[in-house]
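Let me begin by presenting the structure, written as structure tokens, before commenting on it.
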Amino acid sequence: MKRLDVELGPVPGRIGIAVSTFNAPITDPMLDAALAEAERGGVSETIVLRVPGAMELPLASQSLAEVGGEAIVAIGAVIKGETDHYEYVAEHATRGITEASTNTGIPVGNALLTVRDYEHAVERSLPGPGNKGAEAAEAAIDLARKLATLRELP
């Protein structure tokens, strides 16, 4: 049996970041961390697309892929309130982000926080280890590099 381990390919030249402006005190630090991760990873161009809320992230992610983004990061925060709205938004936005990736073949790092307490969102958006924006950017870039290698296989 022949075994092929897929190695890292070239760094994406362009990535896209879709970021919700709703809950900006949470999403802005995640955006900053994702941008820093892209720079650290050697990405030469990043397109930032700000959208009103989590429900707009799937279409924004797909659109960023369609204009040449080789990796996408979707950043948002859905925090439980007093109604069922949280469940619907979290479920549909998450599903849509996944579909954007599978529909386009472009990796989408999911940094959509779905938390019950505001403090949990703050913890996941603080600078440093554990920032979900940085983690999603790292994952999307890593997968984009591996897919580039995979697509070159004979």
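The values are calculated or read from the model by the stated rules, or taken from the named source; none is laboratory data. Predicted model, so just to flag it, every value in this text is computed and none were measured. Here the Cβ positions follow ideal geometry from the backbone for every residue, glycine too, while neighbour counts run over all protein chains shown. What goes into the accessible areas is simple: the full protein's heavy atoms, side chains included, and nothing from ligands, DNA or RNA. Shrake-Rupley method; radii C 1.70, N 1.55, O 1.52, S 1.80 Å.
Worth pointing out:
- Theoretical gain in end-to-end length, Val122 to Leu153 [0.36 nm per residue, Cα-Cα removed]: 6.9 nm
- Nearest-20 debye value, segment 15-154 charge dipole, Cβ charges on Lys, Arg, Asp, Glu: 220
- The residues of the chain expose on average 55 square angstrom of accessible surface per residue, using a 1.4 Å probe on protein heavy atoms.
- Net charge over other residues, Cβ less than 12 angstrom from the Cβ of Ala18 (K, R count +1; D, E count -1): 0
- Computed over the alpha carbons of segment 68-154, Rg followed by Dmax gives 15.0, 54 Å.
- Counted without the sites themselves, the longest stretch of the chain free of trypsin sites (Lys or Arg not before Pro) in a DSSP loop having at most 11 other beta carbon atoms within 10 Å is 4-115.
- Cα centroid separation, segment 1-29 to segment 77-154: 9 Å.
- His92 contributes an accessible area of around 80 Å² to the protein surface, as traced by a 1.4 Å probe with all chains present.
- For Glu70, neighbours were defined as the other residues whose beta-carbon sits under 15 Å from its Cβ, and their charges (Lys and Arg +1, Asp and Glu -1) total -2.
- In this structure, Thr98 and Arg3 have a Cβ-Cβ separation that, at R0 = 25 Å, corresponds to a calculated FRET efficiency of about 0.30.
- Pairwise Cα inverse-distance average, inverted: Kirkwood Rh of the chain (Å): 15.5
- Ligands, DNA and RNA left out, the accessible area of segment 86-154 computed with a 1.4 Å probe is 54% carbon and sulfur.
- Shape of segment 8-66, Cα gyration tensor, a/c cut at 1.5: oblate
- Note on segment 20-100: along the principal axes its Cα atoms extend 43, 26, 17 Å, ordered by decreasing extent.
- Loop-located GluC sites (Glu not before Pro) in segment 61-140 (DSSP state not H, G, I, E or B) with no more than 10 neighbouring Cβ atoms inside 10 Å: Glu82.
- Positive minus negative residues near Ser44 (Lys, Arg vs Asp, Glu; Cβ under 15 Å): -1
- Taking all Cα pairs closer than 8 Å and separated by 6 or more residues, the relative contact order of segment 23-151 comes to 35 percent.
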